[in-house]
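Structure first, commentary second.
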Amino acid sequence: MPKVINFSVFLLLVLSPGNSFQAPFGHHAASTTVSSSILQSKINGDDNNGINEKKSWHDYSIDDSYNLIVLGDLHLEDDMTSHHQARSDCISALHHLSLLPCPPTLTPASTSSSPPPFHSLLSTAQNTLGKDLSPAQLSLLRSYQTHGPLTNCHLVSLGDLGRKDIRHEPGDAGTTKSFTDAKTYFDGFSLPHYDVITGNHDLEGLDEFSTDAANLAAWQRTFQKDTPYFSRRVGHRTLLVGLSTVRFRDAPFSSHECWVDPLQLSWFEDVVRRHSAEEGWKIIVFSHAPVVGSGLRVLQNVHVVNGCAWLNHCDGGSRNRFIEIVERNPQVKLWFSGHFHLSHDYEDALCHVGKCTFLQCGVVGKASSRDGRRQTRLVQGNSHTINLYSINHHKRDDKNDEANIRLDAIVDLTTGQIDIKQGYNDYDHDQWFSAYVPKEEDGCFLGSPDCLVACQQTLPSSVCWWHMDDGAVLGLHDGQLVEYDKTTLSPLGIVVTKEQLKGREVLVVEEGTAVVLLEETTGDVEVVHPNDDGSYWRKMQRNKRVRQEEKAREAVAKLWLERKK
């Protein structure tokens, strides 16, 4: 860690006539915008243009500049080689990518040209007489003296810390050991601070804790957190906000639904309200699962069918509150989520809705990746620009074994526009296809459903959707009857599976009054009824604790019967 000196002594030394400040730490960042020879000539004052540019740099500030690492589902493994490699890659990337300094005033000229890289500003300040240092340079030197090369660098983990495979021993997901092991891993980044939120597996310590509250309290103690959610200011007007899932044993349906409780949701709404766009705030949000309406890729036969794809998936009263907050508040600029263990290489791993960009975060462990790719998100931001990168741990330079760093997109915070830099052409649609999301103009909408929708021959390839007369939205996709959210048209769940539809025709009668399944050979008819709450999709995955208790009782009964034989 860099040695910290008393700043009053530092100021006395710096401001003494004839003195210039030489920081004791070399910055390792490499500029990608200006060659080192040009930078050196400018710093040495070898040409007049260089001198003039050096003077113009005096008021560039890093007070609203930051670099941010976002880790997806961590899932520590017995063999930590991949995780340690990924951590080293992230630290190297933070050194390599300069901070984006902010110009003294936001003008067309300042936004059209690249800002000087951080290490060039640092060199200029270090070689400036103390009496000539600007306030921005003093602030820069103070920050560097305190935090060294990783000044203004942050990290957020999206949770799911422990082993993915449950062995009923310490280190499993949700155990105290999984939390302490993860803390050791995060501490190894040697950053000034980091933040963590819970994922669905972080409350899965069923063998160690009897309640969700006790499990969550152990997680909070480990990371010294007063609440499971957080907000952290990383600049004058940039705020990081994290939301945690807080139930597993108490879930009414799937224990793996990521659920934000009403108290936390009210807190989030209040935080967004108090940091308004009119006052120039930019908010970056983190949650383990994405929000309904984000447009991110979800796995229909994994998360959609089990009712755990979206935040508050099974809670129809609060499920849409998150996207409604985003749509009402243009200061919410980015929203990161994980949960699906998919890479950044799909075209819907990054979606822009209104003024907000939603991003899927990949994993770093080999055992956790669904598609074999290992990636981390890196954000390079300031008051008016955000650069979004992927650190590709699975793609490495043949000569120096460094991970590939890819620029995916640039967000203009002034206009709200996003410039996509990455072409998505190296993935397999057939294996990890995106769940279908209806659109008004997609040509698949049935305006007045009162007909045969699909027969046995056309069912596998049919893609269509319609409104029921009670307001529900149903459709056919991938040979299944699916329900979609009324407002966002995001997939909610499976109403009738492929197996259940085999040999049947699907009809919608009386303009959406009912869905009828007709057995083609016998003529048997089944009417698809809504659930008690008005939804149609079937809650197929039940609470894990309940299922475990049932299995335990069955095992006891089986042993008793065997003894009686």
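The values are calculated or read from the model by the stated rules, or taken from the named source; none is laboratory data. Note that the structure is predicted; figures quoted are calculated from it, not measured. Glycine gets a Cβ as well: all are built from the backbone with ideal geometry, and neighbour counts include every protein chain shown. Areas reflect the complete protein model, heavy atoms only, side chains present, ligands, DNA and RNA absent. Shrake-Rupley method; radii C 1.70, N 1.55, O 1.52, S 1.80 Å.
Structure notes:
- Share of carbon and sulfur in the accessible heavy-atom surface of the range 366-514 [1.4 Å probe, %]: 46
- The range 117-165 - percent of accessible surface contributed by carbon and sulfur, probe 1.4 Å: 51
- Secondary structure note: in the range 204-312, about 45% of the DSSP beta bridges are antiparallel.
- Only Lys, Arg (+1) and Asp, Glu (-1) charged, at Cβ; the range 244-294 dipole about Cα centre in debye: 120
- For the cross-link pairs LYS177/LYS399; LYS439/LYS498; LYS177/LYS225; LYS164/LYS395; LYS486/LYS539, the ones whose C-alpha atoms lie over 28 Å apart are LYS177/LYS399.
- Cα pair distances exceeding 17 angstrom across the range 373-420, given as percent: 41
- Cα-Cα P(r), the range 198-276, percent of pairs per 5 Å interval: 3, 15, 22, 22, 17, 11, 6, 3, 1
- Solvent-accessible surface (1.4 angstrom probe) belonging to TYR194, in square angstrom, nearest 10: 50
- Rounded percent of accessible protein surface that carbon and sulfur make up, the range 195-261, 1.4 Å probe: 46
- Note: the range 372-484, Cα convex hull, 178 Å³ per residue.
- Mean accessible surface per residue for the range 58-175, computed with a 1.4 Å probe while every protein chain stays in place, in Å²: 33
- Considering every alpha-carbon pair of the range 236-299, the percent of pairs per 5 Å bin, from zero through the bin containing the longest distance, is 4, 14, 21, 21, 19, 11, 6, 3, 1.
- For the range 443-545, diffusion coefficient by Stokes-Einstein and Kirkwood Rh (Cα), 4 °C, 1.567 mPa s, µm²/s: 93
- Principal axis extents of the C-alpha atoms in the range 150-249 (largest first, rounded to whole Å): 45, 25, 19.
- Heavy-atom accessible surface of the range 261-402, averaged per residue, reaches 30 Å², computed with a 1.4 Å probe.
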